[in-house]
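Worksheet: one structure, shown below.
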Amino acid sequence: MDQSLTSPVQRVPQQATRAPLSILRTETVLSRFPIHTLAKRGRIAIAIKRTNAQGDLDLRWEVSYNERYGPPRQLAYKLDTIVINQILDALPRPLPRLISIGSLTHACGMLALNDSGRQQADLKHAFHQNASAYIVAYLRYRGRDGTERIVNTGFTRYSVIFTGEHLPDGTIADTVYLVLSDIYLDILNHAPVRPLDYTYLKALTPTAQRFYELLSYKMFAALKHRQPHATLRYSDYCLLSTQQRYMEYDQVKKQMYKVHQSHISSGYIVKVQYEATTDADGRPDWLMHYTPGPKAKAEYAAFTRQPSAEAAAALTLSVVAV
């Protein structure tokens with residue numbers, strides 16, 4: 001197998017973009033791991049377990065679902081990441097346990113969905129899917145205050161109360177509410193956050209959005225340390241985005257081409273290179289190297305409050321390269 005496989009690069013004219021940056025800060029602990037199944041059909045088991053060199057458990061992440069409501073899919077993913085995360089980001093820390101989400105009509109508006117009875121019923125189903133997803137986790141993270149924290153338990157993230165149902169204090173809910181679980185509330189109050197462009201996030205398809213969320217960790221670090229590219233391992237992408245993993249380069253390239261397109265068009269990335277390697281079991285794998293584009297540089301400058309002439313220009317121009 002070739003040790004370096006580089007996708008062809010094609011330069012195309014610059015395209016103007018007018019969408020302003022809209023900062024959304026999302027916790028960096030649980031959002032790294034998959035909860036939602038982004039495939040429109042079929043079941044994908046989410047069970048990640050890693051041990052260290054001594055054979056001790058280093059990471060565990062398992063998600064199971066309520067049989068009545070099934071796994072949370074694309075609508076539930078957008079509900080979590082576009083509606084709920086924006087509301088959580090706007091609230092001061094420490095967060096209250098009871099969170100007002102607004103009406104189902106309001107949620108439809110945030111998701112750019114038609115406000116119909118059928119759509120509201122689908123949204124209620126998605127709320128139940130998210131609320132009933134049961135997570136068993138063992139992981140370590142460093143809190144915002146620098147102290148090491150451990151999650152070692154099984155939990156759900158929140159309960160949902162719809163308009164007309166009873167709140168914990170016995171009163172009648174006048175809108176949709178979430179009741180955050182103890183574990184989830186503790187993580188939200190202590191976890192570091194990472195910035196994302198909310199407007200951009202909202203416009204992406206679920207698969208492209210998940211890729212953006214995963215690559216943003218790497219891209220931010222690459223720009224911070226002035227590295228020429230951000231690297232994401234193909235097998236890790238598939239595992240953390242619940243996507244099918246292929247073993248042939250042509251299939252990998254075809255699969256990732258569809259994922260990359262919106263990010264190339266926006267100027268978030270300008271070049272993709274594939275470096276052939278193997279995983280821990282000797283199976284074919286690839287390191288995907290991404291050259292940051294003007295949009296990625298503009299995001300970094302805006303999020304770190306370090307405006308530059310290049311970043312300012314990138315806010316109005318996208319360079320597209322494949």
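Observations on the structure shown:
- All of E67, E27 fail the test of being open to solvent by 60 Å² or more (accessible area, probe 1.4 Å), of a type outside the set (F, W, Y) and either touching a Ser or Thr at 6+ places or on another chain (Cβ under 6 Å) or farther than 18 Å from R245 by Cβ (or both), apart from E67.
- Selection from the range 272-283 of residues that are at pLDDT 95 or above, open to solvent by 40 Å² or more (accessible area, probe 1.4 Å) and either part of a helix (DSSP H, G or I) or out of contact with any Pro (no Cβ under 9 Å at 6 or more places or on another chain) (or both): Q273, E275, G282, R283
- Filtered by the rule that a residue be open to solvent by 60 Å² or more (accessible area, probe 1.4 Å) and in contact (Cβ under 8 Å) with a residue 40 or more places away in the chain, the range 47-61 gives L57, R60.
- Scanning the range 80-139 for residues that are among the acidic types (D, E), surrounded by fewer than 20 Cβ atoms within 10 Å (Cβ to Cβ) and either closer than 17 Å to V160 by Cα or within 21 Å of the chain's Cα centre (by Cα) (or both) yields a total of 2.
- All positions within the range 284-300 that are touching a residue at least 40 places away in the same chain (Cβ under 8 Å) and either part of a helix (DSSP H, G or I) or open to solvent by 50 Å² or more (accessible area, probe 1.4 Å) (or both): K295, A296, K297, A298, E299, Y300
- Inter-residue pairs, beta-carbon under 8 Å, first in contact (Cβ under 8 Å) with a residue 12 or more places away in the chain and in the range 116-128, second hydroxyl-bearing (S, T, Y), 6+ apart: Q120/T105; H125/Y69; H128/Y69
- Selection from the range 219-232 of residues that are within 17 Å of E275 (Cβ to Cβ) and either open to solvent by 70 Å² or more (accessible area, probe 1.4 Å) or free of Cβ contacts under 8 Å to residues at least 12 places away in the same chain (or both): Q227, P228
The values are calculated or read from the model by the stated rules, or taken from the named source; none is laboratory data. All of these numbers come straight from a predicted model, not from anything done at the bench. Note that we place each Cβ from the backbone using ideal geometry, even for glycine, and neighbour counts take in every protein chain shown. Quick note on the areas: whole protein, heavy atoms, side chains included, nothing else; ligands and nucleic acids left out. Shrake-Rupley method; radii C 1.70, N 1.55, O 1.52, S 1.80 Å.
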